Amino acid sequence: MRTAALAILNPDTRIEIAHRQTWLGQLAAAVVPGFSMQRFERVTQGTLADVEFGADGLGLSVMAPFAVLSGPTQLRSHQRGAVILSYDLRAEHAALRARQLRSHVPELLGALVLIVLLPLLLQRVVTRPLTALSEASRRLAGAPGAPPEPVPETGSAEVAQLARSFNEMARTVQVAQAGLAQSEFRLRATFELAAIGIAHVATDGRFLRVNRRLCDMLGYSSEQLLRMSAQMVTHPDDLEGDLVLLCRLMDGQVLSYTSEKRYRHANGEIVWGSLNVAAVHGEGPAPEFFISVIEDITARKLAAAALLVAQAAEQANASKTEFLSRMSHELRTPLNAVLGFAQILQLDSTESLSTNQRAKVRHIANAGTHLLAMIDDVLDLSRIDSGNMRVTLQSVPVAGLVDESLALVSAWADEANVRIVLEPLDDHAGNFVIADPLRLRQALVNLLSNAIKYNRRGGLITVRWHADAGQGGRIHLSVHDTGRGLSEDQLQHLFEPFNRLGADREAIQGTGIGLVVTRRLIELMGGSLSVQSEVGVGSSFAITLAAGEAVAAARRDFVETSTDPTAMNRDQATVLYAEDDEVSAELAKSLFGLRPNCRLVVANSGRAAIELALTERPDIILLDMNLGDLTGFEVMQKLAGDPRTAHVPCVALSAEAMPTFIEAALAAGFESYVTKPVNGKALLLCVDRLLARRR
């Protein structure tokens, strides 16, 4: 048999593959003999091959449908083409007629053989391979992802080639399907397991798809969010700005945008998110949907807000500290003159003052001391509140500290006609306590001052202390008074700053912060302050601190009231005092006038002090820290850098009482730091100590 036509037609009957090169790209109706459009439509609408003989019996045509795929990744298609295979039987027919002419019988036999064998041959060579090809196409389209069984590459050469092409296409489709499945798996895993929220959002704001992190971030389930819109979970105050950005994205003004916005959690809380939105476009110019990527930045926002609050508080605290420091300096400077000259009048035995005049001087000194105590309390409370108060803990002898404290308040007790007793003293003389000696003395003096102030005339104050049994115990130090006592309601408000519990109506001086400072100082030292009181009977304040180990007695930092400053150190000495304040300079002259053996040289500026230090060769230099031309630090640096003056001890005098300033001065090389108002006896003792060390 001669092949008359072999062609593969696409859905519009255009020839894609043919046994003749000239047919390629032609319409079948134009080149394929006997092509029928009605037959083509009938075959492509079905799934079975169609076989027909020519009207004259001299031709055989087989047409089989197949699905047309638009690409290697397409798994199913409704478009169908057809395969046409036609045989020309005219040669066989002519031979048959020739044989008929030669012999009628052989002709009949040949025709019979042809009629019997031809269908079998067609079934084996054409119909069966095409049917297998059609069935394989249906399996490939109906079960995407399943590995297809290869079609047998049998039949005529053309059919076998068609089968090979189909098998190659099936393998390509299988590879494409596997790659597509893997890509989809990775995309789904990335979407669902991402550490940030991801959502597909429709152009009207509806959520189309959300991942697990976004659900956790907003507190909704996936089903709940898919019934909501992005606008429903956006904070109302951020909605307008978000819509403006979204409109710019839809209009094509931007390809994506990033913003920070607030979301409403399901429980009503605010969730801050860093949002990035990009548009996804299809065939048309308008976006089909949006991809939103949302990072939870709530913790960062809260931390930033807390930092701003902390910075504002720190700035406010620094401003307050600076203000208090300045006010302290401004108040201490005039107090230096008030208290200083009052002390000189009290110390100078040559002054012929009457009893009445001495009483008035004592009143001036007491009032100045009270004012100074109030200034110190305000500064201490500010330092404690701001965390700038520091304590230096060491083992302190209780008996010595009690003696020092009593020496400081004994004059006030005598004036108020209040007696102070220690009970018992001898049994516990060896007790030591872990504390900052300066701050513990301040706390005890405060308790004693209150016990004097709120006691009755002729009253009694009892100071007791005892230790717990065993090592590592605690020391209990208490102050009992026989004053008016406190009610239960007053005890509830006792440690409130500036609450004087009605004492302000009774002409009793005070600020209402002394006990607050006292308790906080004790707590800074790791202890506690407790109180018991009964109206009409009196009050008892108890300090509890950790017990310390016995150490060698340290030098006392207080001045005994019995000390005669004029009796100290009879050796001749020169003291240089740098002070630009005339009143303070006059006070120093009067104070050192009580010490004939000390020659005081006054310099009214920093540079003058440096020059006098070279010419006068002083034994001690007293430096005010705020001179007109130089600071005390600058003068100290120049003196220390000159071999002629580097050995001379320097003492700082200043109205600046902040601990950080004092520490800086001591670190710079000053031997001691004396705050104004200057305690005259303490300053003279400091000078004596330094002179004795030089000897």
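The values are calculated or read from the model by the stated rules, or taken from the named source; none is laboratory data. Quick caveat, the model's predicted, so the values are computed rather than measured. Ideal geometry is used to build each Cβ from the backbone, glycine not excepted, and the neighbour counts take in all protein chains shown.
Would you pick out the residues in region 388-402 that are modelled with pLDDT of 85 or more and in a loop (DSSP other than H, G, I, E, B)?
LEU393
From GLY273, GLY241, grab the single residue that is closer than 19 Å to GLU295 by Cβ and either in contact (Cβ under 8 Å) with a residue 60 or more places away in the chain or of a type in the set (Ser, Thr, Tyr) (or both).
Matching residue, one of GLY273, GLY241: GLY273.
Which of the numbered conditions does GLY340 fail, given that it passes all the others? Conditions: (1) crowded, with 16+ Cβ neighbours inside 10 Å; (2) at pLDDT 75 or above; (3) out of contact with any Pro (no Cβ under 8 Å at 6 or more places or on another chain).
(3)
Go through region 214-238 and give me each residue that's among the charged types (D, E, K, R) and closer than 18 Å to VAL293 by Cβ. So that I can check it myself, show each step before the final result.
Here is the first cut: in region 214-238, the ones among the charged types (D, E, K, R) are 216, 223, 227, 237-238.
Within region 214-238, ASP216, ASP238 qualify.
Yes or no: region 602-616 includes at least one residue that is in the same structural domain as GLU586 (by TED's automatic domain parsing), hydroxyl-bearing (Ser, Thr, Tyr), at pLDDT below 85 and not in a loop (DSSP other than H, G, I, E, B).
No, the conditions are met nowhere in region 602-616.
Does region 270-297 hold any residues that are outside any strand (DSSP E or B) and at pLDDT below 90, and which are they? Even if it seems obvious, please write down each step before you answer.
Filtering region 270-297 for residues outside any strand (DSSP E or B) gives 282-286, 297.
Hits for region 270-297 are GLY282, GLU283, GLY284, PRO285, ALA286.
I'd like the residue in region 244-270 that is touching an Asp or Glu at 6+ places or on another chain (Cβ under 8 Å) and in contact (Cβ under 8 Å) with a residue 24 or more places away in the chain and, out of all such residues, is farthest from LEU218 (Cα to Cα). Lay out the reasoning, then the answer.
So the first thing to find is which residues in region 244-270 are touching an Asp or Glu at 6+ places or on another chain (Cβ under 8 Å), and the list is 259, 261-262.
Still in the running and in contact (Cβ under 8 Å) with a residue 24 or more places away in the chain: 261-262.
On the way: LYS261: 13, ARG262: 11 Å.
Per the stated criteria, the residue is LYS261.
Within region 575-610, can you find the residues that are of a type in the set (Val, Ile, Thr) and closer than 15 Å to ALA652 by Cβ?
VAL575
Residues in region 643-670 that are assigned to a loop (DSSP other than H, G, I, E, B) and loosely packed, with under 13 Cβ neighbours inside 10 Å: how many?
Looking only at that region, the number is 4.
Select from region 1-52 the residues that are surrounded by 14 or more Cβ atoms within 10 Å (Cβ to Cβ) and either in contact with a Gly (Cβ under 6 Å, 6 or more places away or on another chain) or of a type in the set (Gly, Ala, Ser) (or both) and list them in ascending order.
Those that are surrounded by 14 or more Cβ atoms within 10 Å (Cβ to Cβ) and either in contact with a Gly (Cβ under 6 Å, 6 or more places away or on another chain) or of a type in the set (Gly, Ala, Ser) (or both): ALA4, ALA5, ALA7, LEU9, ASN10, PRO11, ALA18, ALA28, GLY34, SER36, ALA49.
Collect the residues in region 189-217 that are of a type in the set (S, T, N, Q) and either at pLDDT 90 or above or in contact with a Phe, Trp or Tyr (Cβ under 7 Å, 6 or more places away or on another chain) (or both), keeping them in residue-number order.
Selection gives THR203, ASN211.
Tell me which strands (runs of 3 or more DSSP E) are completely within region 1-98 and hold 1 or more residues being closer than 19 Å to GLN161 by Cβ and modelled with pLDDT under 75, or say none if there are none.
Correct list: 2-9.
In the same structural domain as ARG212 (by TED's automatic domain parsing), in contact with a Leu (Cβ under 9 Å, 6 or more places away or on another chain) and of a type in the set (Lys, Arg), is that true of ARG264?
Taking the combined requirement at face value, the residue satisfies it.
Exactly one condition in (1) among the acidic types (Asp, Glu); (2) under 19 Å from THR574 (Cβ atoms); (3) exposed (fewer than 15 other Cβ atoms within 10 Å of the Cβ) is false for ASP629; which is it?
(2)
If a residue must be modelled with pLDDT of 85 or more and in a loop (DSSP other than H, G, I, E, B), how many such residues does region 445-483 contain?
Going through region 445-483 one residue at a time, the tally reaches 8.
In region 155-206, which residues are assigned to a loop (DSSP other than H, G, I, E, B) and among the polar types (S, T, N, Q)?
Those that are assigned to a loop (DSSP other than H, G, I, E, B) and among the polar types (S, T, N, Q): SER156, THR203.
Have a look at SER449, SER478, SER487 and point out the one that is under 46 Å from the mean Cα position of the chain (by Cα), of a type in the set (Ser, Thr, Tyr) and in the same structural domain as VAL421 (by TED's automatic domain parsing).
Testing whether each residue is under 46 Å from the mean Cα position of the chain (by Cα), of a type in the set (Ser, Thr, Tyr) and in the same structural domain as VAL421 (by TED's automatic domain parsing) leaves just SER478.
With the requirement that a residue be surrounded by 20 or more Cβ atoms within 10 Å (Cβ to Cβ) and modelled with pLDDT of 80 or more, what does region 534-572 give you?
GLY538, SER539, PHE541, ILE543, LEU545
Against the conditions (1) surrounded by fewer than 11 Cβ atoms within 10 Å (Cβ to Cβ); (2) touching a strand residue (DSSP E or B) at 6+ places or on another chain (Cβ under 7 Å), where does ARG213 fall short? Just the number, please.
The single condition ARG213 does not satisfy is (1).
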